[in-house]
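Reviewing the structure listed below.
The values are calculated or read from the model by the stated rules, or taken from the named source; none is laboratory data. Because the structure is a prediction, the values reported are computed rather than measured. FYI the Cβ positions are ideal-geometry reconstructions off the backbone, even for glycines, and counts take in every protein chain you see.
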Amino acid sequence: MNHSTALTPLHQTMHRRHTCAIPWALGLIAPALSLLASCAGRSPAPGGGAGGTGAGAAGATGGAGDAIDGDADDGGGTPACGANVTAAILANQSIVLAGDSCVDVPAGSTQYDGVISGAGTLRFRALGGAGALILTADSTFSLPAAQQIETATETKSPTDPNHVHYFSIENPDPPAVLVDPGVTLQLGTPASTSGTIGNYIPSTNGTTINLDNMRIDGTLVLPSGPVQHLGILSGTGVITRPAVGTTGGTLFLVGDNPFSGVYSQFFGGYFGSDHVLFSLPNATIFSNESFIVAAPEGQFGATADHLLKFPQTIWESHYGDDINTNSGRVVFAGVYSYSNSGDPLTPSLSDARLNTMLVQNLAGSPTGGSNSSFRGINIEGGTTEWGDGTTATFFLPAAPSPAAPDSTVKNAYINLHNGATLVFNYNGQYTCNIGITGGGGGPRADGSVAVGNLTIAATAGNYAVLTMPQNYNGTTTIGAGATLQLGAGAAVQAMRATVGAPTAAEPHGAVTATALVASYSGDSSLLTAESPGGAATNAIVNDGRLLVNNATTAITLSHISGAGTVTQIGPASVTLMTNSYRGGTQIRGGILLAGDDRALGSGDVVNQGTLATAPGQRTIDVRGNFRQGARGVLRLSGGRDGTGALLRVSGHAEIDGQLRVPLRAIAAGGRTPIIRAAGGLRGRFRSIVAAGREVAASYDGTTCYVTGRPSRGRLATPALVAAAE
């Protein structure tokens, strides 16, 4: 059962600060009226009419014949300007709102140290041209009570209600703050701890939800100084967060934000919370700092339908940037991309190759900086999903980037911690050139082993190719209809691009040179229980296809379960052991070694390469049917004394190609069983080789025997010997 409580702000106490003092001496009434009027942002009524609702009350109504400087609703949802408080703002006087109000921000930059309280809306206009207003104090105004319809509903986990819960913000209030085109509103300074606008819902279990929503059609500047808990953001303007100053206050965004302008940051913030639903799907996002994302834990209540999804590209342009996901389920359906436009408000990439190269910018390049295409991922908890099943464009295109912490030979890293899960969810083939690890870059660049899981989602056509050794302890899951391929089958290269000044053909900077930085085998591997540094609990759950296509690196895979298939493409060898997968095994090339009697799981085995026993292993068990083609080689080694070499097939066997057995495995003067197929045996080996010589064989309905020790038979061809060995 979900436990929901709707919290409304209607009875929240509003703190009005009256700092527009009125001298009440009888002889000073006229000046007092003038001062009162200036606090209200208007001229006193002719004849000295004393309108207003109190000291500094914006939205006051004057005496007969007094016209308030305002305007009507613009037809697009913008509140009327019932009272113009420009004069009070410019006089640095605190204001108490009493309805819809506006400020005409003058050209240039104006600092305002007063406090805005009361009830109303505040619109920042640029009637006199572009200008900036800097608020340095904490303002506390709210919408009038009649307009406050927003609620925050808390839902608690049915299994852990004391620790796992979240709020969903429903029926958002109309904006209390409106920033028009041409206006820059700055909240705080890099050195201040104040400069906020907030009306906060009480009793939210330690979670801060601001009801002063904002429509930004101009520019909102959020310096690093004060801690900012913003309300719902809308509009089409620009939100910027400059580089850190003296004070490092944190930015928090919650709720569903329809803002469709540009968000550009050089100092990080929190996008979402583990206790509040969040989304920001329409904004252009540029982040030259840590982009920290969180969603509520668990899938219960509204979290089952409300997905924190970033469908857009997230841009960066300098060394040291990363995206951090901390909790819940978060989906990135776009690309984490380098931008070479040189403009953080109009990010773009003119040459897609630069995402997969180390970028060195020369003097005159619009972007500047060394290794500026470097992007990092820190997954600290929850489930992070790349792709949404509708594209094959990988979220983190990169140069080959090994798991080692040395950042000079890569341009990307993926750190996986705390048992978190990374999901690849695409509908086509793509390549991940990055070794998942625990300390491959960023704050934990120590090469430590990751603790977490990788899932290839059960989406038709989802085909992941890993070209780097993986360095995580956890579970690797391959969903039904999906493919995980370890190894590219060929070398992969890390290249450096040198970028210079713009040209007419390349306005974002011309690539003046490319150079090879490092070359890698393109081989991949997974940590298993048998690996140095591997965990006994490491496992592979395979309901799709697991392919191995390593060129030079031999690997071991173990504890594979599921309904999927395992395929060896080669040419480097793969050792299988301790498996229970049910979909069968295919050997298209290279060598597949059976490390124990459970190596091949259950299901059929088709051999067009070499199937062999690993050192010390006597037998190969096939818990299904066995078929070996004309190019296939079956190599049985037996024990140290050569005895016990045997292929056991629970189904039927169809044989062709070559059999290789050790000379010592053949009993003198008798028949030695080499294959036993409970379901029947069909076909013949084209050759059987022991110690480099062909030997005789005999067959009955279920068994293949090697007969006697070889005499001086003809030698097998060198090619067959080499393949079998």
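Among the residues of segment 500-533, the one identified as touching a residue at least 40 places away in the same chain (Cβ under 8 Å), over 24 Å from Pro402 (Cα atoms), of a type in the set (A, V, I, L, M) and buried (at least 16 other Cβ atoms within 10 Å of the Cβ) is Val511. When the residues of segment 220-253 are filtered to those that are touching a strand residue (DSSP E or B) at 6+ places or on another chain (Cβ under 6 Å) and β-branched (Val, Ile, Thr), the one that is nearest to Ser142 (Cα to Cα) is Ile232.
Of all residues in segment 501-515, those that are closer than 15 Å to Ala352 by Cα and either in a strand (DSSP E or B) or of a type in the set (Ser, Thr, Tyr) (or both) total 2. If you go through segment 452-475 and keep only what is more than 19 Å from Arg329 (Cβ to Cβ) and β-branched (Val, Ile, Thr), you end up with Val465, Thr467. In segment 166-187, the qualifying residues are those that are at pLDDT 95 or above and among the charged types (D, E, K, R), and the one that is farthest from Gly231 (Cα to Cα) is Asp180. Across segment 290-310, not a single residue is classified as part of a loop (DSSP other than H, G, I, E, B), more than 30 Å from Asn162 (Cβ to Cβ) and either in contact with a Ser or Thr (Cβ under 9 Å, 6 or more places away or on another chain) or among the aliphatic types (A, V, I, L, M) (or both).
Of the strands (runs of 3 or more DSSP E) lying entirely inside segment 172-226, not one is found with 2 or more residues being touching a Pro at 6+ places or on another chain (Cβ under 8 Å) and surrounded by fewer than 21 Cβ atoms within 10 Å (Cβ to Cβ).
Restricting attention to segment 368-383, and to residues there that are in a loop (DSSP other than H, G, I, E, B) and of a type in the set (Ser, Thr, Tyr), which single residue is farthest from Tyr338 (Cα to Cα)? My answer is Ser372. Selection within segment 137-171: residues that are assigned to a loop (DSSP other than H, G, I, E, B) and among the small types (Gly, Ala, Ser). The member of this set that is farthest from Gly108 (Cα to Cα) is Ser157. Within segment 274-322, take every residue that is of a type in the set (Gly, Ala, Ser) and modelled with pLDDT of 90 or more and give me the one that is surrounded by the most Cβ atoms within 10 Å (Cβ to Cβ). Filtering first and then ranking leaves Ala295. Checking each residue in segment 253-271 for being within 20 Å of Arg375 (Cβ to Cβ) and touching a Phe, Trp or Tyr at 6+ places or on another chain (Cβ under 8 Å) picks out Val262, Tyr263, Ser264, Gln265, Gly268, Gly269, Tyr270, Phe271.
From the list Tyr319, Tyr413, the lone residue that is aromatic (Phe, Trp, Tyr) and not in a loop (DSSP other than H, G, I, E, B) is Tyr413.
Just one of the listed residues (Ser341, Ser365) is in contact with a Gly (Cβ under 9 Å, 6 or more places away or on another chain), part of a loop (DSSP other than H, G, I, E, B) and more than 23 Å from Arg444 (Cα to Cα), namely Ser365.
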